[in-house]
Amino acid sequence: MKEPDPPAAPRRSPDLDPLAIARRHFAGAEAYLVGGRVRDWLLGRATADTDIAVPAGAVARARDLAAASGGTCVVLDAERDVARVLWPARGVPSASLDVARFAAPDIAGDLAARDFTVNALGVPLADSAMLDLDAPRGAVGGPAVLDPLGGRADLDGGHVRMTSVAALEADPLRLLRGARLAAELGFDIEPDTARAIRSRAPLVRQAAGERVRDEVVRLIAADDAAAQVRRLGALDLLAFVLPEVDALRGVPQPPPHDRDVFEHSLAVLGAMERLQRRVAGASAAALDGLAVAWRLSDVAAWDAVVDARRAALAARLADRADPAPPARAVWLRLAALLHDVGKPATLWYDAAVDRIRFPQHDHVGAEMVGRTARRLRLSHAVAVYLATIVRHHLRPLYLALDPALSPRLLHRYFRATGGHGIDVVLMSLADNAAKTAGRPESAAVLAGVAARLLDTWFDAFDTVVAPPPLVSGHVLMAHLGLPAGPEVGRLLAALREAQVDGELADVGAALALARRLHAAE
């Protein structure tokens, strides 16, 4: 039996539109739609952002709006008079809307106090019904956009430009947000803005971990994620946001590597993005661009593996519930970036063979990733996921050394990887794509192992990956007179391995083997 496919990503009910709700509630009052939703309308992009600016009384107005519409009001900043209204619904993503008091005496001053010119845009809320993504940008009859700082010109030119140095210093997270915004929009960062960010990079340490996390996750999810991480380094932000990645610069590696650990890690992230985009059906040109940009090798072998399971892998990578939103694919990208963080601490020169080695770097890296997860306020599920991928990223390569690849070995692999074995396979393919091209037969062997692992998960889940146990721990304890403890777990694991190898057919045989194993201990 196959592992059941995850449910399709739910869609929000079309009648639950925060902007329409706000427009009705604020009818006749001075209120403005500001920021991302206006920006994205001008760019022809869909957006989830809905931000309303009012002269005063934002929290009170948000509470009234929530009460009138069945939502919940959360005060985000009582001093600055900022609140969020949420409309949770069973089985669908929550809709939300933020209401904030002007940061200046009037709307022009409020917009000028925002972070970047492309966000310093507003539309009177009464006119916001004209924001139609199906209409051409700037169509006749469209709303009059308030643009005190030339944000529309920067949208046209593809630039992220600060509104002022003071705006960056007012909230140091904006230093990182500039890079994330450029990543999502495909823009450059205007030179004066880049210099201002670089000279103030240490200030980003003042931002709360969860806010940094949100920006990093969105940046990693953007197109050409590895180039976005490289830009964080160029802005001197990487050392303060992901210091364990910045520490990989200049760490040498032996063949089959021809680049340091930092460049290799970026290439692995590029390879992971390429695999994910191939699964999602991206164009050949886009895939070729990533392969060339990151000098990926043996891509035809890795492509053949994922092509055979494209639909199942696409559903898995899109899963929002396991380990957490926004999607499994994003966390796998982060794991790809972090997979070798244990190498600097384990670097050892083996003079006997004139070779650099990194003993136990997978174990050390998994421990380090746990600390990264705590610093970024990642959930426990995400922390376990990242540590599992990092800890086991070499395992498929080790399996390629065993030509037998028995059901017992396959079962051990999936038991060790704790439900994330498929993701470890993709991690291994990306890791090897970012090495210097080796012998074609070596790539073929690893591709064969990867395909066998995918086949086992999707076609033999109930017989090899997780077969129903013939006996339970309670039955085993009663039959052998054992207390609860490690011995019971050891015996159950041994019985499961014998079961997947076809050595046990019934309960009696399982209990007999358990008796022999226990007596031999």
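General observations
- Isotropically averaged projected area of segment 214-353, using the convex hull of Cα atoms (one quarter of hull area), nm²: 9.6 nm²
- Label selected from [x] 44, 31, 19; [y] 48, 29, 21; [z] 56, 24, 22, the criterion being semi-axes √(5λ) of the Cα gyration tensor in Å as computed here: [y]
- Based on C-alpha pairs under 8 angstrom that are at least 6 apart in sequence, the chain has a relative contact order of 11 percent.
- Derived scalar couplings ³J(HN,Hα) [segment 426-434; Karplus, 6.51 cos²θ - 1.76 cosθ + 1.60; whole Hz; x for Gly, Pro]: 4, 4, 5, 4, 5, 4, 6, 5, 8
- For segment 431-491, the set of trypsin sites (Lys or Arg not before Pro) satisfying both a DSSP loop assignment and a count of at most 10 other C-beta atoms within 10 Å is empty.
- Scalar couplings 3J(HN,Hα) for segment 396-407, obtained by applying the Karplus form with A = 6.51, B = -1.76, C = 1.60 to θ = phi - 60°, are x, 5, 5, 4, 5, 7, 10, x, 6, 6, 5, x Hz; x denotes Gly and Pro.
- For THR163, the residues 5 or more places off, or on other chains, whose built amide H falls under 5 Å of its own are PHE116, THR117.
- Separation of alpha-carbon centers, segment 171-213 and segment 320-389, rounded to whole Å: 24 Å
- Local charge for ALA66 was computed over the other residues whose Cβ lies under 14 Å away, with Lys and Arg +1 and Asp and Glu -1, and equals +2.
- Taking other Cβ atoms within 10 Å as a rough exposure proxy, ARG516, ARG101, ARG249 sort from fewest to most as ARG516, ARG249, ARG101.
- Amide H contacts under 5 Å for PHE102: VAL54, ALA56, restricted to partners 5 or more places along the chain or on a different chain, H placed in the peptide plane at 1.01 Å from N.
- For segment 473-520, the relative contact order works out to 36 percent when only alpha carbon pairs closer than 8 Å and six or more residues apart are counted.
- Sequentially through segment 355-366, phi angles give Karplus couplings (6.51, -1.76, 1.60; θ = phi - 60°) of 8, 7, 10, 10, x, 6, 5, 5, 5, 4, x, 4 Hz, Gly and Pro residues having no value and appearing as x.
Values in this text are rule-based calculations from the coordinates and carry no lab data. This is a predicted model, so every value here is computed, not measured. With ideal geometry, Cβ positions are generated from the backbone for all residues, glycine too; neighbour counts draw on all protein chains shown.
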